[in-house]
Amino acid sequence: MDRRKLGTGFEVAPLAFGGNVFGWTVDEAKSFELLDAFVAAGFNLIDTADSYSRWVSGHQGGESETIIGRWIARRGRHDDVIIATKVGSDMGQGHKVLRKDYILQAAEASLRRLQVDCIDLYQSHWDDENTSLEETLGAYDQLLRQGKVKAIGASNYSVARLAQALEVSRTHGLPRYQTLQPLYNLYDRDSFEGELQALSLRENLGVITYFSLAAGFLTGKYRSEADFGKSARGPGMKKYMNARGMKILDALDAVAQRYNATPAQIALAWLMTRPGVTAPIASATNLTQLQELLRAAEMKLDVEAIAALERASD
């Protein structure tokens, strides 16, 4: 399978597994099964966060990392996978935080849960405008020097703040963000396309997109409000149920029919063609779903298919 450079460090397969489902909609045994199948198929990038799955009643956060850590311990190796986790979400303190003392403590907690000596990619989950970029990057500098983190990335940063962070790294001799994790899919295009995409290309940042299937809307599973009960994410589909959303689904259906594929495969394959995108993140809750998503990496959309999708989603 083709591997792509993620920033200046890692080489990854062109699809990442979204670990938000572990401990939420997927129990530990099923999580292990999915992770085993993902790696056996030649894929190697697993994305999670310390806050997954804090939104579930009775959860504190760290559930996803804990399951991944138990999986790593059970298989007895970590060298063939890249674990990307995040810090900075509201974990009960009422705000996002990237202070140095907080990052250092959170990193230790993530290392314990993941049962590893070093986090491959440690990402700022959300910008913390109340903490200086120098302080945040200084915390990462310490972790990198201690060998507890291999590379750092940013998630949900605006183009202005990301550019500022990269400039701070240059002028202060601090480590730089190697990756960006933006919201980006066939429906939500303006969150990345334009200045943020141009900055990512110019600075050679690896880009791993989240909500790559618009929380499931682009699978075609939700065609009306009657479908909202199909999953825990169903109620969130309402914002996509408009003329543009339906037009995108129609285009996905047409291209999928031509390629003997599914809408989800086409939506992911389209992302893989986008300038600057290294690997979309997608999650699955069963093996059938996972195998469907993985086949997207084998698809090569032609110019006609890409143009049809872009016309529908403009």
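Points to keep in mind about this one:
- Scanning the stretch 89-110 for residues that are surrounded by fewer than 16 Cβ atoms within 10 Å (Cβ to Cβ) and modelled with pLDDT under 95 yields ASP90, GLY92, GLN93, GLY94, HIS95.
- Scanning the stretch 253-288 for residues that are within 18 Å of SER313 (Cα to Cα) and assigned to a loop (DSSP other than H, G, I, E, B) turns up THR262, ARG274, PRO275.
Rundown of residues vs (1) part of a strand (DSSP E or B); (2) touching a residue at least 60 places away in the same chain (Cβ under 8 Å); (3) surrounded by fewer than 23 Cβ atoms within 10 Å (Cβ to Cβ), yes/no style:
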site: THR8; (1), (2), (3): no, yes, yes
site: ALA29; (1), (2), (3): no, no, yes
site: GLU33; (1), (2), (3): no, yes, yes
site: ASP36; (1), (2), (3): no, no, yes
site: GLY42; (1), (2), (3): no, no, yes
site: ALA49; (1), (2), (3): no, yes, no
site: TRP55; (1), (2), (3): no, no, yes
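- Take the conditions (1) in contact (Cβ under 8 Å) with a residue 40 or more places away in the chain; (2) closer than 25 Å to TYR52 by Cα; (3) among the hydrophobic types (A, V, I, L, M, F, W, C); PHE217 misses just one of them, which is (1).
- Within the stretch 77-88, restricting attention to residues that are within 19 Å of PHE43 (Cβ to Cβ) and not basic (Lys, Arg), the residue that is surrounded by the fewest Cβ atoms within 10 Å (Cβ to Cβ) is ASP79.
- Residues in the stretch 111-135 that are touching a residue at least 40 places away in the same chain (Cβ under 8 Å), open to solvent by less than 10 Å² (accessible area, probe 1.4 Å) and of a type in the set (A, V, I, L, M): 2 in all.
- Meets criteria (touching a Leu at 6+ places or on another chain (Cβ under 7 Å) and under 14 Å from VAL255 (Cα atoms)) for ALA296: yes
- Residues in the stretch 220-252 that are part of a helix (DSSP H, G or I), open to solvent by less than 50 Å² (accessible area, probe 1.4 Å) and within 30 Å of GLN123 (Cα to Cα): GLY234, GLY236, MET237, TYR240.
- When residues of the stretch 279-291 are limited to those that are open to solvent by 10 Å² or more (accessible area, probe 1.4 Å) and not small (Gly, Ala, Ser), the one nearest to ALA232 (Cα to Cα): THR285
- Residue within the stretch 143-152 that is at pLDDT 95 or above, open to solvent by 50 Å² or more (accessible area, probe 1.4 Å) and touching a Gly at 6+ places or on another chain (Cβ under 8 Å) present: yes
The values are calculated or read from the model by the stated rules, or taken from the named source; none is laboratory data. Fair warning: this is a prediction, and the values are worked out from it, not measured in the lab. As a convention, Cβ positions derive from the backbone with ideal geometry for all residues, glycine included, and neighbour counts pool all protein chains shown. Ligands, DNA and RNA are excluded from the accessible area calculation, which covers all protein heavy atoms including side chains. Shrake-Rupley method; radii C 1.70, N 1.55, O 1.52, S 1.80 Å.
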